[in-house]
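Participant: Supplied in structure tokens, the structure appears directly below.
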Amino acid sequence: MTTVTRAEAGPRDGASTRVAINGFRGRLISPDHADYDDARAVWNGAIDRRPRLIAQCIGTADVVAAVRFARDQDLEIAIRGGGHNVAGAAVCDDGIVIDLSAMRGVRVDPAACRAWVQGGALWGDVDHETQAHGLATTGGIVSHTGVAGLTLGGGVGWLMRKHGLTVDNLLAVELVTAGGELLRVSLDEHPDLFWALRGGGGNFGVVTSFEFRLHAVGPTVLAGPILWDASDAGEVLRLYRDFVRDAPDELGTVVRFGAAPPLPAIPADLHGRPVVMVGTCYAGPIEEGERRLRSFRTFRTPLLDLIGPAPYAGFQSAMDSTVVHGWNYYWKSTYLPELREDLIDVIVEHAFSCSSPRSYALIFHLKGAVSRVAGGATAFGNRQASHAITLDAVWRPGEDFGERDSDWTRRFFTALGRFREGVYVNFLGGDEEPDRIRDAYGDSVYQRLVDVKTTYDPDNVFHHNQNIRPR
Ligand SMILES: Cc1cc2nc3c(=O)[nH]c(=O)nc-3n(C[C@H](O)[C@H](O)[C@H](O)COP(=O)(O)OP(=O)(O)OC[C@H]3O[C@@H](n4cnc5c(N)ncnc54)[C@H](O)[C@@H]3O)c2cc1C
């Protein structure tokens, strides 16, 4: 390995141990560094891991150097993008974290409707830069989620029914392989790997840059939530089922069950009240959205209707404060079919029996453009599911809801047993049965992922993730 520069974590920045990686220009943080605890913390406060070294990269060459160093030293590798993974895949015990959180650059070519996004960017970074041109691509519904992990698992969000999953808008990546080699990967370059990266997660290398296709969106869209009392949940879900069955692709919806969160837009007297909240985002002309949503909005008497013209980028961050960094989280999740009567009964029976005012269940409506891409065209699992549900126990440090609400998610998940249709890999938690990863893909996609993994990472260097094991 050639020595270009030498980064050291020494007395200069508060650490007492000197660590050096040839060719590395970013920050190296070892356990005795003053910033160690901040640097090892991830979004889920329930994750408490102590890596031997955190390599905060500032460019692709740093990533190459860090991968080579880890292999030379036989260190376990965790890759950190946005650090949002609920299972805490971004940080490991006793190994090295290849941390891309300082690599958040986004470049947009508005004429070509393209964006280039670095591997540590968050969705808020992408929306900010693309919306300056009235453009967007499908991203997550919380703006502090990382682009990398979300994209590599598939990517669901408000725009997916119109513009496809995030991976359906992925044109190319730059990736550092297990051997420390830099590859450009696209439909024409290493197509087998490009297929695997569109759903197969962080199993194949460290992505330093993504190239996305953009679409005209907003910058003002018709969006917002509408809230009904929890006692209306069954009726609202029946209406919702019929309404979304024929909904236009432009309409993205997410249903949230739980206590009304203390958001500024929600009047204080509703905070904490059990509600069913249907979030909407219409990615088309506002008047058309108004017309399409009219019947739904006048059903029964909603407690609150906040649907109206809103800046798309602002709407993308509207729920950020309900899922704060450093709180504790435990998730269970599954895909679901259309909301049949018996499924609605199960949801209504369990949805409101959590204890924490911050725990909730969410149902994403899929279909539309997601389901029109052939199964197996990318490594994303179930494109025909109607919905994905996540059951999310949330408790703050010092609160004692953790065990009770984690049990609630497990009971709810068990009750959904006969309806389950696989799972979105990015919603898997940390203590899942091993067969749930295969469940996320189905047998044929999984076998193909094993083939690609065996070709590009036969030693399973990148295994601190929802792991596809090589042969
Ligand atoms: C509050 C919240 C809201 C969410 N909303 C959505 C949503 O709307 N839609 C959706 O699809 N998902 C959503 N998710 C799930 C999200 O997709 C996953 O949590 C995803 O793992 C986040 O990616 P990250 O880069 O932030 O995570 P990290 O924890 O940094 O990484 C996750 C995985 O990706 C790998 N990885 C990270 N960066 C790279 C890289 N540069 N190269 C290669 N591998 C890498 C890691 O090794 C790890 O295995 C949400 C999650 C949370 C916590």
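Participant: Can ASP431 be described as modelled with pLDDT under 95 and exposed (fewer than 14 other Cβ atoms within 10 Å of the Cβ)?
Facilitator: For ASP431, the condition - modelled with pLDDT under 95 and exposed (fewer than 14 other Cβ atoms within 10 Å of the Cβ) - is met.
Participant: Another question, then. Report those helices (runs of 4 or more DSSP H) wholly inside segment 357-471 carrying at least 2 residues which are under 15 Å from ARG198 (Cβ atoms). Can you show your working first?
Facilitator: On the way: elements: 369-372, 402-415, 435-441, 443-456.
Once the helices (runs of 4 or more DSSP H) in segment 357-471 are filtered for at least 2 residues that are under 15 Å from ARG198 (Cβ atoms), what remains is 369-372, 435-441, 443-456.
Participant: Could you tell me which residue of segment 283-310 is farthest from ALA259 (Cα to Cα), considering only residues that are among the basic types (Lys, Arg) and touching a residue at least 12 places away in the same chain (Cβ under 8 Å)?
Facilitator: Filtering first and then ranking leaves ARG292.
Participant: Conditions first: (1) open to solvent by less than 20 Å² (accessible area, probe 1.4 Å); (2) within 15 Å of the ligand (Cβ to nearest atom); (3) of a type in the set (Gly, Ala, Ser). ALA102 passes all but one, so which condition is the exception?
Facilitator: Of (1) open to solvent by less than 20 Å² (accessible area, probe 1.4 Å); (2) within 15 Å of the ligand (Cβ to nearest atom); (3) of a type in the set (Gly, Ala, Ser), only one is false for ALA102: (1).
Participant: Among (1) open to solvent by 30 Å² or more (accessible area, probe 1.4 Å); (2) at positive phi; (3) near the ligand (Cβ under 8 Å from one of its atoms), which single condition is GLY83 missing?
Facilitator: Only one criterion in (1) open to solvent by 30 Å² or more (accessible area, probe 1.4 Å); (2) at positive phi; (3) near the ligand (Cβ under 8 Å from one of its atoms) is unmet by GLY83, namely (1).
Participant: If you don't mind, there's one more thing I want to ask. Does segment 156-173 hold any residues that are open to solvent by 10 Å² or more (accessible area, probe 1.4 Å), within 11 Å of the ligand (Cβ to nearest atom) and either in contact with a helix residue (DSSP H, G or I) (Cβ under 6 Å, 6 or more places away or on another chain) or among the aliphatic types (A, V, I, L, M) (or both), and which are they?
Facilitator: Answer for segment 156-173, where residues must be open to solvent by 10 Å² or more (accessible area, probe 1.4 Å), within 11 Å of the ligand (Cβ to nearest atom) and either in contact with a helix residue (DSSP H, G or I) (Cβ under 6 Å, 6 or more places away or on another chain) or among the aliphatic types (A, V, I, L, M) (or both): just VAL156.
Participant: Let me ask something additional. What single numbered condition from (1) closer than 16 Å to VAL147 by Cα; (2) in a helix (DSSP H, G or I) fails to hold for LEU193?
Facilitator: Status for LEU193: all satisfied but (1).
Participant: In segment 111-149, which residues are closer than 14 Å to ARG80 by Cα and open to solvent by 20 Å² or more (accessible area, probe 1.4 Å)?
Facilitator: Taking segment 111-149 and keeping what is closer than 14 Å to ARG80 by Cα, we get 118-122, 144-149.
Correct list: GLN118, LEU122, HIS144, THR145, GLY149.
Participant: Oh, and also: Looking only at residues in segment 282-322 that are part of a strand (DSSP E or B) and open to solvent by 50 Å² or more (accessible area, probe 1.4 Å), which one is nearest to the ligand (Cβ to nearest atom)? Please lay out each step first, then the result.
Facilitator: Looking only at segment 282-322, we keep the residues that are part of a strand (DSSP E or B), and these are 282, 304-305, 308-311.
Filter once more, keeping what is open to solvent by 50 Å² or more (accessible area, probe 1.4 Å): 305, 309, 311.
Working: ASP305: 23, PRO309: 22, PRO311: 18 Å.
Result: PRO311.
Participant: Another question, if that's okay. Determine which single condition HIS325 fails, assuming it passes every other condition in (1) under 21 Å from ALA41 (Cα atoms); (2) assigned to a loop (DSSP other than H, G, I, E, B); (3) in contact with a Gly (Cβ under 6 Å, 6 or more places away or on another chain).
Facilitator: Condition (3) is where HIS325 drops out.
Participant: Here's a check for you: in segment 106-145, which residue that is under 24 Å from ALA385 (Cα atoms) and not hydrophobic (A, V, I, L, M, F, W, C) is farthest from the ligand (Cβ to nearest atom)?
Facilitator: Restricting to residues being under 24 Å from ALA385 (Cα atoms) and not hydrophobic (A, V, I, L, M, F, W, C), the top hit is THR137.
Yes/no per residue for (1) over 17 Å from HIS463 (Cβ atoms); (2) out of contact with any Asp or Glu (no Cβ under 8 Å at 6 or more places or on another chain); (3) not polar (S, T, N, Q):
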| site | (1), (2), (3) |
| --- | --- |
| TRP395 | yes, no, yes |
| ARG404 | yes, yes, yes |
| ARG410 | yes, yes, yes |
| GLY429 | yes, yes, yes |
| ARG438 | no, yes, yes |
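Participant: If you take the residues of segment 199-256 that are open to solvent by less than 20 Å² (accessible area, probe 1.4 Å), away from the ligand (no atom under 16 Å from the Cβ) and among the aromatic types (Phe, Trp, Tyr), which of them is farthest from GLY179 (Cα to Cα)?
Facilitator: The extreme case among them is TRP228.
Participant: Report whether or not ASP188 is over 27 Å from ASP62 (Cβ atoms), assigned to a helix (DSSP H, G or I) and either more than 8 Å from the ligand (Cβ to nearest atom) or among the aromatic types (Phe, Trp, Tyr) (or both).
Facilitator: Spelling it out, it is not the case that ASP188 is over 27 Å from ASP62 (Cβ atoms), assigned to a helix (DSSP H, G or I) and either more than 8 Å from the ligand (Cβ to nearest atom) or among the aromatic types (Phe, Trp, Tyr) (or both).
Participant: Does segment 30-54 hold any residues that are under 14 Å from GLY83 (Cβ atoms) and in contact with a helix residue (DSSP H, G or I) (Cβ under 7 Å, 6 or more places away or on another chain), and which are they?
Facilitator: Matches in segment 30-54: ARG49, PRO51, ILE54.
Participant: Quick one: in segment 352-379, of everything that is open to solvent by less than 20 Å² (accessible area, probe 1.4 Å) and of a type in the set (S, T, N, Q), which residue is farthest from the chain's Cα centre (by Cα)?
Facilitator: Across segment 352-379, the extreme among qualifying residues is SER356.
Participant: Name the residues in segment 20-76 that are touching a Ser or Thr at 6+ places or on another chain (Cβ under 6 Å) and open to solvent by less than 30 Å² (accessible area, probe 1.4 Å), would you?
Facilitator: The initial filter retains those residues of segment 20-76 that are touching a Ser or Thr at 6+ places or on another chain (Cβ under 6 Å), namely 22, 25, 30, 32, 53, 60, 63.
Passing the criteria: SER30, LEU53, VAL63.
Participant: Given (1) open to solvent by 40 Å² or more (accessible area, probe 1.4 Å); (2) within 13 Å of the ligand (Cβ to nearest atom), identify the lone condition not met by VAL176.
Facilitator: (1)
Participant: I'm trying to understand the selection: among the residues of segment 438-461, which are in contact with a Lys or Arg (Cβ under 9 Å, 6 or more places away or on another chain), in contact (Cβ under 8 Å) with a residue 12 or more places away in the chain and within 14 Å of the ligand (Cβ to nearest atom)?
Facilitator: LYS453, VAL461
The values are calculated or read from the model by the stated rules, or taken from the named source; none is laboratory data. Everything numeric in this text was worked out from a predicted model, so none of it was measured. As a convention, Cβ positions derive from the backbone with ideal geometry for all residues, glycine included, and neighbour counts pool all protein chains shown. What goes into the accessible areas is simple: the full protein's heavy atoms, side chains included, and nothing from ligands, DNA or RNA. Shrake-Rupley method; radii C 1.70, N 1.55, O 1.52, S 1.80 Å.
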